[in-house]
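Only the coordinates and a few stated rules stand behind these numbers; no lab work does. Small disclaimer: the values here were computed from a predicted structure and weren't measured. Cβ sites come from the backbone with ideal geometry, for glycine too, and all protein chains shown count toward neighbours.
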Amino acid sequence: MSVVTVQLGQCGNQVGLELFDVISNDAGEGGHRKTYSTASHERFFHQTTNGEFEARAVLIDMEPKVINHSMTKAVRSGKWRYGEKSISVKSRVLATTGPMGGGGAGRREVERCDRLAGLMPIMSVAGGTGSGVGTFVTQCLRDSFPKSFMLNHLTWPYGTGEVIVQNYNSVLTLSKLYRLSDAILVHENDTVHRICSQLLNIKHITSATRNPLGELFIYSLQHFRLARATKHLRQMLVSNTKMEEGIDWQVRPPSDYERTRGLPTHNFNRSLANLLIVRGKDVYSAETVVLKNLHFILPGCHPVKL
Amino acid sequence: MTQSIVVQVGQCGNQIGCRFWDLALREHANINKKGLYDEALSSFFRNVDSRRSCRSSVSVGGRIHQLKARAVLVDMEEGVVNQILQGPLRDVFDNTQLLTDVSGSGNNWAVGYMTYGSAYREQIVDKLRKVAEDCDCLQCFFLIHSMGGGTGSGLGTRVLRLLEDEFPEVCRIVTSVYPSEEDDVVTSPYNSVLAMKELSEHADCVLPVENQSLVNIVNRIRRYSGKAWSGARMDSSIISGHGGLSAGEKPFDAMNNIVANLLLHMTSSARFQGSLNMDLNEIPMNLVPFPRLHYLVPSLTPLYSLADVSMPPRRLDQMFSDAFSKEQQLIEAEPKRCLYLACALLLRGDVAVSDLQRNIQRLRPTLPFVWWNREGWKAGLCSVPPVGHNHSLLALANNTCVKATFSRLKERFMKLYRKKAHLHHYLHVEGLEQSSFSEALSSLNSLIAEYQQLDMTKDKVMPNAPRLGIAT
């Protein structure tokens, strides 16, 4: 079961690079985690005849600087690299013909998988390539692989702007994506920046520190025992906070009385469904019961799947 | 990788261009230690192996043989171009890129635009095509000229029109040097206003630069460097050509270096890598909300860096504050007193996203932005710093303060026009009529009025804006 990642534009390529790095480090070498390691590698990397790991990725950009940088950085890690044929860099003149190279490379990657679990385009919504070409590529992928699962990972720009027309680009992107995509995972630059500065105490935040998502959430719950962690998580979910610090413990889900009367509830998270993933030792003893009886929008619907 | 072509017209344009190429070579020499012809170099230079035919270019990745600038030099008198060809930059240009005549335009826009424009049209287009053919992916034309003279303003704006006709999809960024109050050319108001009409209609964006501001900046740096205790690094100030090819410093070199540094800085993100790239086509896209309002006020900081490495580098935040102060702008203007329509910050060197965000948050309350774009910032981060600095910042602001420059220009124009002084020199030129003057004047008036109207919306939120028609 393999996942093919499509990295679009500068942001997509930068995030993708860090993602493969984190996956590669997380999978580890083997030893007592051998099954996990093999499965992890199989899902995201293709093992060549030399034993090298090639990321199952297609890199698309309208100019070569970032892609070249990603390729060299990957090779320097020593553990994995990008395939030579996975790249599609189109000059501006040819951009109107559509990323046919991207389509070809995408098809090649998919064919190399034994079984395709899904496609994951990674892009930003503020810029031009990530949002525009990204949406076009998602459309092409959807046309070529109508039954595949597609998870779009979007980077939401800083509120105070990285690009002035980001509002136009974001709205236009979302209008197309919500019809094409099966799931959209959003990470906001503002939130991630805050996590980096407040939780991780990183003073000098560059895009390389912002991108490794996986590490952030692993870190934020590192210090607590699992029981306490679930309690914090529950309140973070209820009060819609993205960070452990500054959780508002006063917010609680509405009681049946409040809900039937339609009384307003402030700062309360309205979600349809949630997925909880627990990793590590003593996973089975985790007290997830506290998360079970949260009704958000629909009563009778258990929104937390474990 | 995209390429850009520099078109330098007239004496001012060619002198600035000369400094630009010198400083560009210095910058690349500083970074490119292996002597390989890389992508960054290819944006402004061709690599020619003269053992084969002189037009054959060596592709990226090979060794550097001979670098030829992607440029076209136009001047209606030979003096300046000949000086370039006799100087250390002679090998950077070949004969097919030059166009000169003997007698000059006589400080007359009409002679430059009408007479020479028509006479040399075919040749200019031919030379432009040749240079463009050598580019894999041409993104932008940089036109450098002055507004006061005859060739720069007249022929320069004619070339701009040609660029629009022949290469409509290529971006045109124009650097225009506006005359100061005590300009040496009496008819400069006429030339400038006539040229303004062309700029408003045919350029994608214009970077106006005023001679007076450049003089002030140069004097400030010299005053600082003149002090016995000053420790400014020789090669780091934006007026210095130290480390470049030219040996001595000619008059105006210091001022021209500022403009050359401006162009280098603007293109740095397109040439070198960084964590937030900003390509040249993103500049008009983000900074020009309406087609005619494309005048971007530039400001460059820091002006110099200290030589003594044991002293802490000038605080980064100070650099951001300086970029918005009125002394640092390249035109005589007070942007903080007027209204910002959009602003771009291009950082070079060792600056992180967190520094940028922190400073934007800090400065936002002090800067008045237009009501429909209160978060109107465009950011670019390039990891390669300029020569002599650890980091530097270019701010390009679309600000209504440009209307002050245009109003002053209009006043000087009206002083002459009311008396019809010197007008006959223009009217004698075939192709120019009285109506050209009145059209140019009305174009300038409407431009000033548009900025004025936006200024009046300062501090107000316009209620009930009509809904966009495309949403159904």
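Here B:Leu276 passes the criteria (1) in contact with a strand residue (DSSP E or B) (Cβ under 7 Å, 6 or more places away or on another chain); (2) more than 8 Å from chain A (Cβ to nearest Cβ); (3) not charged (D, E, K, R) except the one numbered (2). Checked across the stretch B:410-427, the condition of being in contact with a strand residue (DSSP E or B) (Cβ under 9 Å, 6 or more places away or on another chain) and either more than 14 Å from chain A (Cβ to nearest Cβ) or assigned to a loop (DSSP other than H, G, I, E, B) (or both) holds for no residue. Could you tell me whether B:Asn47 is of a type outside the set (A, V, I, L, M, F, W, C) and within 24 Å of B:Gly156 (Cβ to Cβ)? Spelling it out, it is not the case that B:Asn47 is of a type outside the set (A, V, I, L, M, F, W, C) and within 24 Å of B:Gly156 (Cβ to Cβ).
Selection within the stretch A:33-68: residues that are more than 14 Å from every other protein chain (Cβ to nearest Cβ) and in contact (Cβ under 8 Å) with a residue 60 or more places away in the chain. The member of this set that is farthest from the chain's Cα centre (by Cα) is A:His46.
One line per residue, one yes/no per condition, for (1) surrounded by 17 or more Cβ atoms within 10 Å (Cβ to Cβ); (2) in a helix (DSSP H, G or I):
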position: B:Tyr113; (1), (2): yes, yes
position: B:Gly117; (1), (2): yes, yes
position: B:Lys130; (1), (2): no, yes
position: B:Asp136; (1), (2): no, no
position: B:Gln139; (1), (2): yes, no
position: B:Gly154; (1), (2): yes, yes
position: B:Leu163; (1), (2): yes, yes
position: B:Val177; (1), (2): yes, no
position: B:Val186; (1), (2): no, no
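Under the condition of being among the small types (Gly, Ala, Ser) and under 13 Å from the mean Cα position of the chain (by Cα), the residues counted in the stretch B:5-18 number 2.
The residue that is nearest to B:Asp459 (Cα to Cα), among those in the stretch B:378-394 that are within 14 Å of chain A (Cβ to nearest Cβ) and in contact with a Phe, Trp or Tyr (Cβ under 9 Å, 6 or more places away or on another chain), is B:Ala379.
Of all the residues in the stretch A:115-158, those that are within 19 Å of A:Val66 (Cα to Cα) and in a strand (DSSP E or B) number 7. Being basic (Lys, Arg) and in contact (Cβ under 8 Å) with a residue 60 or more places away in the chain holds for only one residue in B:Lys419, B:Lys410, and it is B:Lys410. Considering every residue within the stretch B:338-349, establish whether at least one is within 28 Å of B:Ala29 (Cα to Cα) and out of contact with any Leu (no Cβ under 7 Å at 6 or more places or on another chain). Looking for residues that are within 28 Å of B:Ala29 (Cα to Cα) and out of contact with any Leu (no Cβ under 7 Å at 6 or more places or on another chain), one finds at least one in the stretch B:338-349, hence yes.
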